[in-house]
Structure formats: C-alpha cells, structure tokens
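The values are calculated or read from the model by the stated rules, or taken from the named source; none is laboratory data. Since this is a predicted model, take the numbers as computed values, not measurements. Every residue, glycine as well, gets a Cβ built from its backbone with ideal geometry; the counts of neighbours run over all protein chains shown. Remember, those area values only see protein heavy atoms, side chains included, never the ligands or the DNA or RNA. Shrake-Rupley method; radii C 1.70, N 1.55, O 1.52, S 1.80 Å.
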Amino acid sequence: MALRLFNTYSRELEEFAPRDSAGRKIDIYTCGPTVYSRAHIGNFRAYIFEDLLQRHLELRGYQVHRVMNITDVDDKTIRGAREAGVPLQKFTRQFKDSFFEDAETLRIKRADEYPAATDQRYIDKMIEMIGALISKGLAYQADDKSVYYRINKFPNYGKLAHIDLAELKPSGRVKHDEYDKEHIGDFALWKAWDEEDGDVKWDSPWGPGRPGWHIECSAMATALLGEQIDIHCGGVDNIFPHHEAEIAQSEGVTGKKFVRIWLHCAHLLVDGQKMSKSLGNFYTIPDVLEKGYTGREIRYALMRVHYRTQLNFTWDGMKEARESLERIDDWLIRLRATAEENAERRTSNTERSTLDSGFDDALDDDLNISAALGFLFETIRETNRAMDSDELDPDVAKSWLSWWERINNVLDLEEESADVIPREVSQLAEERERARAEKNFGRSDELRDKIAALGWEVRDTKDGQKIAKRARS
C-alpha cells in the first residue's frame, strides 16, 4: 500500500513521494516549543504525532532528517523574563531543560538538530532573508522602524489557511507575533527595539531590534534543510498566521515551493473543554506522573487517537491506557513462554504471514494509529485464543515476537527496566501468592493493602496475580 498523507495545503489525501526520488532521504521540519513555560500535554500530543510519523517512515526504509526549532525569543519569552526579573537566556534555559526531560520520559526520538532562534548564525540568516525580501519589494521598513511583509504582494498568501484576502480586506500592520484572521495585516519581520525589550536586541541594517516569530522558522528551516522541504508539521494553531507567514517569507526569497506536504495535529481537550489554567484542567507531564502514571502510559494515551481528530484527555482515558498496556504486557509474557516450549504442534490459522501487513497498511493510510492499534489488539485476541486452546506452536510464537519487535520500533510501548517492580513489592507479592494458595485470604488482603501503601496495585487474573503502578486520584 502506498503511503498517503493529508496535505493541509490542498485539503486532500496525497500519495507521498519524497523530493529525493532516486534515494530514500526525507527532510522534515517540526515546530518545537516556545520556551516561556513548561510544555503541556497538548504540546506533547503534537510532538508524539511527529514522533510516530518519523518512526513509521523509518520503518518503511526512509532516512529521515528532522529539525525541530526552539523558539527562545518572542513576545512571550521576553515578557516572561521581564516579569521574572532575569536575563532572557536564564529564563528560557529552565524550560528548554524541562522540554528535553519530558520528551525523554515520553520516549520521543531526538531530532537531528534543535536550532535556537537566538543563535547568532540564525539571526544572521534572518537578517539576510529580510534584506532579500526588501530588495524584491515584498517587505518595507515602516515609520515605527520595524520591517513588515507586504502580504498583498505575495499572490499565494492565505492559501494554506484558505483565506480570501479580497473578502477580509486586510488593512494596517500587525506587530504582535500571534493574531487571528479578523486582524490580518502586514506582519512584522524585524521588530524595532523598545524599552519593554530590555537588553534583548541585535544590530541590523534597520537599527537595533529582534526578529519576528515567523521569520525565525523560515531562517532555521532553510539554513538546515535547504530551500525546499518534504514535510512540515505542527499543531492546527500554527496554520495561521505562523505557517502562512513561513510560506510567504521562504517562497518570497527563493521563488521555489517551500514545502511539499503540510501536516497539522488537532487540538487536545481536557474533559471536553479547552485546556486552561483558569479552569483547573491544565496539565504538564509531571502533573500526570504525580498521579502515578508512567511515561509510556502517557505516550499511549496521547498517541492512540488519529492526529487529525481532537483528543479528549480524561483520567478514565489514562486508566484505559494502563489497561491496554497491561494487555500487551500479558500477551508478551505468554508469547515468550510459548516460544520457549519444545512442542512440535502446528496450526495454520495463526500464521503471522497472513496478518502482518495490517499494521503497516493502517499507518500508510495517513498515520491511522487507531486502526493500527485495532489490528494489534485483534492479533492479541487471536493469538491468546490459540494459546488458550494450546494450538500456538513455538515457531509461530517466535514469529509473532519478531513482528512485535518490528512494530514496537514505531510504537515504543514495551515495558522497560524503569518500570520494574521494586524488590520489596515483589517479595510482598510472592508472600501474597503463597497466602492465596493456602487459602489464607485474610493474610492475602493484608498483603494487598501493604502493596497498595507502596504505590502498587494487585490484579488477580486467570494467569495469576499482576502487579502495576497505582494511579493516584
């Protein structure tokens, strides 16, 4: 099955073909965090979608070169540093560190580069691009000394967001980094220094100042990936004005199509509402970890819904994520035990070769992770039935384990040593098993409570007791 992706620009599913038709190299640019606060679970929903994309492309044999920017200078970071009374670099450092810490917790693969907007080499690239836009009549310095992009001089402006400039009748200029379609106007490429910027400024041909948010990504993307990119990702909130501006800037300079396919991840809701600190439903990764959940459980919860569908985050959903992973864990334990047997039986209805394309085919269909996971759990059901009836031979079990190892390169959901049960809990669990075998249920309940006090819970199943990290209410 050919890989098809939904291109935001065309609003159509398109068969993906890399620019490097002779080879297998793919360039991807992903919009990273703006480090004015700790990234929240909505941000990481998008980052996990991008991680899934990269891993699937690599599974299909592509060599992915991915760049994720770090926005460490913009209106929000400057305001945060000013309110905290610390230099910009010190203010943003803490949130850069927490981003990488949380990304590692969620098993997100590192990008090849993480360019920071304040790096002088990228500031120089921004100034170079702005100069080119001015020379082409696409930008101008206004009476406030800032430099703006003339949106009415770029014919394709608005096509990504499907905006009709004639209907909106843009007027004036917009100096803020973020604004809505109702306040459209010429956007800032270079912002002249003012007192609120403090010591945040760079020299330029137009006087001291700082770059606008949008030019930062155009400069970093083209500096590291070249004038044309295969795939550009981000959240739906990036479509306008940020990505619209990126197209105008980059294509205005190069005269070439900037991006082949634009992919955008839908919003995350919390209990059916927009996430907001005022509503008390704003969560970071540490907030969820403090409830007793693990990084892989959060990863599963944020991954399991198709990226173009809104994801409703709930604590019931987190419990479902835990239960789903327990099903996978239990299945792998049974498969490994079966694979170690010396039986010579065989059965045809569980042969891996008849099933293994379903997972890949689902992800080839615009990263349909819901269908891919559905295929995985149907496989678990079928193989469990075969093992229940003693009809799965060791060779087939080994084949399924090899299949799992392959798809787990994409999912990265297998239990790791960090999730291993502590020795004290294991000892209590073994003692509880003996108590149950002796039908000493009072002692069994007492040991269950001791295990719970240590932050773990016991489930009694047909395959024996299972121990899992306990979620906090």
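The table that follows gives values for the structure above.
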read-out: Qualifying positions in the stretch 150-177 - at positive phi, open to solvent by less than 70 Å² (accessible area, probe 1.4 Å) and at pLDDT 75 or above; value: Gly158
read-out: Filtered residues of the stretch 395-424 (kept if part of a helix (DSSP H, G or I), open to solvent by less than 10 Å² (accessible area, probe 1.4 Å) and of a type outside the set (Phe, Trp, Tyr)); value: Val396, Ala397, Ile407, Val410, Leu411
read-out: Residue in the stretch 425-447 that is modelled with pLDDT of 90 or more, surrounded by 15 or more Cβ atoms within 10 Å (Cβ to Cβ) and polar (S, T, N, Q) present; value: yes
read-out: Asp74 being farther than 22 Å from Gly226 by Cβ and touching a residue at least 12 places away in the same chain (Cβ under 8 Å); value: yes
read-out: Number of positions in the stretch 288-308 that are touching a residue at least 60 places away in the same chain (Cβ under 8 Å) and either out of contact with any helix residue (DSSP H, G or I) (no Cβ under 9 Å at 6 or more places or on another chain) or assigned to a helix (DSSP H, G or I) (or both); value: 11
read-out: Every residue from the stretch 216-227 that is in contact with a helix residue (DSSP H, G or I) (Cβ under 8 Å, 6 or more places away or on another chain) and either surrounded by fewer than 19 Cβ atoms within 10 Å (Cβ to Cβ) or farther than 23 Å from Arg19 by Cβ (or both); value: Glu216, Glu227
read-out: Filtered residue count, the stretch 304-341, keeping only those that are more than 22 Å from Leu401 (Cα to Cα), hydrophobic (A, V, I, L, M, F, W, C) and open to solvent by less than 20 Å² (accessible area, probe 1.4 Å); value: 3
read-out: Selection within the stretch 265-292 - at pLDDT 95 or above and open to solvent by less than 10 Å² (accessible area, probe 1.4 Å); value: Cys265, Val270, Ile285, Val288
read-out: Filtered residues of the stretch 122-171 (kept if of a type in the set (Phe, Trp, Tyr) and under 33 Å from the mean Cα position of the chain (by Cα)); value: Tyr122, Tyr148, Tyr149, Phe154, Tyr157
read-out: Residue within the stretch 142-149 that is open to solvent by 60 Å² or more (accessible area, probe 1.4 Å), touching a helix residue (DSSP H, G or I) at 6+ places or on another chain (Cβ under 8 Å) and modelled with pLDDT of 95 or more present; value: no
read-out: Criterion: under 22 Å from His264 (Cα atoms), out of contact with any Cys (no Cβ under 7 Å at 6 or more places or on another chain) and part of a loop (DSSP other than H, G, I, E, B) - qualifying residue of Tyr29, Tyr9, Tyr47; value: Tyr9
read-out: Residues being open to solvent by 60 Å² or more (accessible area, probe 1.4 Å) and touching a Ser or Thr at 6+ places or on another chain (Cβ under 6 Å) - total across the stretch 378-394; value: 1
read-out: First in the stretch 258-275 and more than 15 Å from Val236 (Cα to Cα) and assigned to a strand (DSSP E or B), second anywhere and open to solvent by 20 Å² or more (accessible area, probe 1.4 Å) and at pLDDT below 95, Cβ under 7 Å, 6 or more apart; value: Arg260/Arg19; Gln273/Leu279
read-out: Among (1) open to solvent by 10 Å² or more (accessible area, probe 1.4 Å); (2) more than 22 Å from Asp72 (Cβ to Cβ) - the single one Trp213 does not satisfy; value: (2)
read-out: Pairs where the first residue, in the stretch 3-17, is without any contact (Cβ under 8 Å) to a residue 60 or more places away in the chain and the second is surrounded by 12 or more Cβ atoms within 10 Å (Cβ to Cβ) and of a type in the set (D, E, K, R), C-beta under 7 Å, 6+ apart; value: Glu15/Arg4
read-out: Residue match in the stretch 367-377 (condition: open to solvent by 60 Å² or more (accessible area, probe 1.4 Å), closer than 30 Å to Cys233 by Cβ and without any contact (Cβ under 8 Å) to a residue 40 or more places away in the chain); value: no
read-out: Evaluation of Ser348 against (1) among the hydroxyl-bearing types (Ser, Thr, Tyr); (2) at pLDDT 95 or above; (3) open to solvent by 60 Å² or more (accessible area, probe 1.4 Å) (one fails), failing number; value: (2)
read-out: Residue within the stretch 95-112 that is touching a Leu at 6+ places or on another chain (Cβ under 6 Å), touching a residue at least 24 places away in the same chain (Cβ under 8 Å) and surrounded by 19 or more Cβ atoms within 10 Å (Cβ to Cβ) present; value: no
read-out: Condition broken by Val73, with the remaining ones in (1) part of a helix (DSSP H, G or I); (2) surrounded by 15 or more Cβ atoms within 10 Å (Cβ to Cβ) satisfied; value: (1)
